[in-house]
Amino acid sequence: MHKRWAFLVTAVLFCLYALTGCSDPDAQRILFVGNSYTHQNDLPKMFGQLAKSGGHSVVTDTFAPAGWYLSDHAASTDLPQKIEKGNYHVVVLQEQSVLPATTQRGAEMYPAARALHQSISASGAETMFFLTWARQEGTAVQEIGFSTFNDMQTQLTAGYQQIANELGAPVAPVGPAWQRALAERPDIPLYANDGSHPSKQGTYLAAAVFYAVLFNESPEGLAYVAGLAPEDATFLQRMAAETVLAPVR
């Protein structure tokens, strides 16, 4: 009889954990808010696999409709409810790929970021910004007034850093990590064919940056390589570590 009750209790607990999406109540819960830059190649899942490889327990969630701006998220009725009820520790905000590099960021990106940050803070979570990468040279860069990747990346970095400093929020410097990787190993394709979205390698580098930022430790040596060539994964791990942790090493 005791064994039977023990089995039933175990089964009920398993079902409850399954409904919450994690069997570890101490897991760090992270919501990624953005658009196709976030959901292409499933960045949150890839980050979760890296975290597991490093011995960290996380639960990732995603709210990233294609083409959305932070202003779309701020106007959404679904996202605030998700944030309020999700019991998240960190909510990551990713803006549309071009807006943070333009003069319109002050009028469009920043008010939305402030409103979302207020909702995130009220829920008890921390806001983090996903500083993205510039468009590939020779594609859409020239159409928006930037002649090189580096020119656009400089403005993207400044755009994200300004609002992050204002709100006291940390930044995941994915774009600067891409900048470093492209300078050292331009043979590794970080872009998809459109010269804008990430390849699997690009998403892996982004995931490694989030690992370094969220855990304040290097992803170098992690066994999870997402099906990439091990030498490429090792290089991308190092790029993330050097971008995030080099100043304090």
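Taking the criterion of being polar (S, T, N, Q) and more than 16 Å from the chain's Cα centre (by Cα), the residues of the stretch 160-194 that qualify are 162, 165, 179, 193.
Within the stretch 225-246, being crowded, with 19+ Cβ neighbours inside 10 Å and among the hydroxyl-bearing types (Ser, Thr, Tyr) holds for one residue alone: 243.
Which is touching a residue at least 12 places away in the same chain (Cβ under 8 Å), farther than 30 Å from residue 87 by Cα and aromatic (Phe, Trp, Tyr), of 235, 210, 215, 129? From the options 235, 210, 215, 129, the qualifying one is 235. When the stretch 77-115 is limited to residues that are exposed (fewer than 14 other Cβ atoms within 10 Å of the Cβ) and small (Gly, Ala, Ser), the one that is farthest from the chain's Cα centre (by Cα) turns out to be 107. Of all residues in the stretch 183-207, those being surrounded by 14 or more Cβ atoms within 10 Å (Cβ to Cβ) and either assigned to a helix (DSSP H, G or I) or touching a Pro at 6+ places or on another chain (Cβ under 8 Å) (or both) number 12.
Step by step: first the residues of the stretch 208-249, then only those that are among the polar types (S, T, N, Q) and part of a helix (DSSP H, G or I), then the one that is farthest from residue 132 (Cα to Cα). Which residue is that? Among residues in the stretch 208-249 that are among the polar types (S, T, N, Q) and part of a helix (DSSP H, G or I), the one farthest from residue 132 (Cα to Cα) is 234.
Values in this text are rule-based calculations from the coordinates and carry no lab data. Given the structure is predicted, the values throughout are model-derived calculations rather than measurements. Counting neighbours? That spans all protein chains shown, and the Cβs are built from the backbone with ideal geometry, glycine included.
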